[in-house]
């Protein structure tokens, strides 16, 4: 007897993957899994897809607009089955099937779950000595991106002085984060160049502990910032921010290479907020009963060889939910996660 | 009896104040030798310097003090250089250090700082 397989049958045989989070990791994994002929459902807490990348103006090192990039990743968004504005409220697993109920009472039964809940930007208010939320012109890297997108507030000054402060909330025991957020050095250099392009008469200083320009073309970008855009890099860690009588900001650092204290006035201070484990990752880890690592990111079962597999069978993870990553790394990680899900469902 | 006087003395301010720093010479040299701007102060130049074994010469410090506007220091360091060019050969950022020093020596000849 020949086994006849009609379309209805294949539809019913399609295994379902639930993806939590529609940032670039979730989107990329969703598209890859759909191409592998899985039924994919995505839930997203916000009302848009693209996550943090969507709120960024341009990427490093090539100054690409983020919007077309997200569109490229998502492909035809109509094909994607995304439930916006919902988070999982209940989850249980029985015989390899995950039953998830969202806060909007939507029931989803899935053969595998992929967590791509991303990261949270470090809340710069916590470094009180830097004056975020106290002084008007102390802003974060995210604020600067929105200025690039929506325009700068009027200052009435032509030659502005900008200071970029690296490692805000990263590599800082006082903030409780010992790890490096990876992307801020390159972001600072990118944003410094954009500031110089936006305000050709401005002066830009970057205060760093180490310049971690690890990726392809990053070091070249750094050299370009120095030579073509005249951006100054000072090896120093900011102690505190004060305000001068004329409302400009006064900073005090040690110029570590001449071993002398140094002070200067600035018009804008940009704090390079790092990545922190997202609150969503933590609540989802509790919901599914999986562990977090020492830094609060989702724990992977084996480093190097199973970076996308959690300790729970059928539960996978992609993107910055496991630690800071660049866009390139996040997309690669999402593809590798899709493959891990495929291998698991294929052998099930 | 010692000559020491008791009481308080006033120390001069040893902070760099970048608001007041005179960066004209740095800008002038950077225009003539733009590679100077690529310096990352690694100290490769200073470690290979033939003059540094016997004098205070350090191109890393010249590069820094030039940016901070401390021209006295720059002049003093630059006067120690013998223009052997070893530093230029080791610089990872490929700065034409020898040319920078030649330009500085020209600037300083006849000028008091």
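Given the protein assembly as shown reduced to its alpha-carbon atoms as identical point scatterers, what log10 I(q)/I(0) does the Debye formula return at q = 0.09 Å⁻¹?
So the normalised log intensities are -0.71.
Report the percentage of all Cα-Cα pairs in the stretch A:199-270 whose separation exceeds 13 Å, rounded to a whole percent.
The proportion of pairs with Cα distances above 13 Å equals 71 percent.
Quote the Stokes-Einstein diffusion coefficient, in whole µm² s⁻¹, for the stretch A:124-274, based on the Kirkwood radius over alpha carbon pairs, a temperature of 25 °C and a viscosity of 0.890 mPa s.
157
What residue among A:27, A:114, A:144 has the largest mean-square fluctuation in a Gaussian network model of chain A, using Cα springs under 10 Å?
Sorting by GNM fluctuation, first place goes to A:144.
Sorted from largest down, what three extents in whole angstroms do the Cα atoms of the stretch A:232-348 have along their principal axes?
Principal-axis extents of the stretch A:232-348 (Cα, largest first): 68, 28, 22 Å.
Nearest 0.05, what FRET efficiency do residue A:343 and residue A:95 give at R0 = 22 Å with Cβ-Cβ as r?
Efficiency for this residue pair is about 0.65.
Arrange B:82, A:262, A:209 by Cβ neighbour counts within 10 Å, fewest through most, would you?
B:82, A:209, A:262
Any idea what angle helix A:184-198 forms with the longest principal axis of chain A, computed on alpha-carbon atoms, 0 to 90 degrees, nearest 10?
60
For Cα pairs less than 8 Å apart in space and 6+ apart in sequence, what is the mean separation divided by the residue count of the stretch A:124-274, i.e. the relative contact order in percent?
Rounded, it is 33 percent for the stretch A:124-274.
Can you tell me the relative contact order of chain B? Whole percent, Cα pairs under 8 Å, sequence separation 6 or more.
28
With r as the distance between the Cβ atoms of residue A:252 and residue B:9 and R0 = 25 Å, compute the FRET efficiency 1/(1 + (r/R0)^6) and round to 0.05.
0.60
I'd like the projected area of the stretch A:1-136, averaged over all directions, using the convex hull of its alpha carbons. Report it in nm² with one decimal.
Dividing the Cα hull surface by four gives the mean projection, 12.9 nm².
Project the alpha carbons of the stretch A:131-177 onto their principal axes and report the range along each, largest first, in whole Å.
39, 19, 18
Quickly work out the residue A:291-to-residue B:106 label distance, labels modelled 7 Å from Cα along the C-beta direction, and quote it in nm with one decimal.
My value for the distance between the label points is 6.7 nm.
Compute from the Cα atoms of the stretch A:34-83 the Rg and the Dmax, the latter being the longest Cα-Cα distance, and quote both in angstrom.
Just the Cα atoms of the stretch A:34-83 yield Rg and Dmax of 12.6, 35 Å.
Nearest 0.05, what FRET efficiency do residue A:173 and residue A:283 give at R0 = 25 Å with Cβ-Cβ as r?
0.45
Where does each of A:246, A:62, A:111, A:123 land when they are ranked from fewest to most other beta-carbon atoms within 10 angstrom?
Least to most surrounded, the residues fall as A:246, A:62, A:123, A:111.
Would you work out the relative contact order for chain A, in percent, from Cα pairs under 8 angstrom that are 6 or more residues apart?
20
Each reported figure results from applying straightforward, stated rules to the coordinates on display, with no laboratory input. Please read all numbers here as calculations on a predicted model, not as lab measurements. Note: ideal-geometry Cβ built from the backbone for every residue, glycine included; neighbour counts use all protein chains shown.
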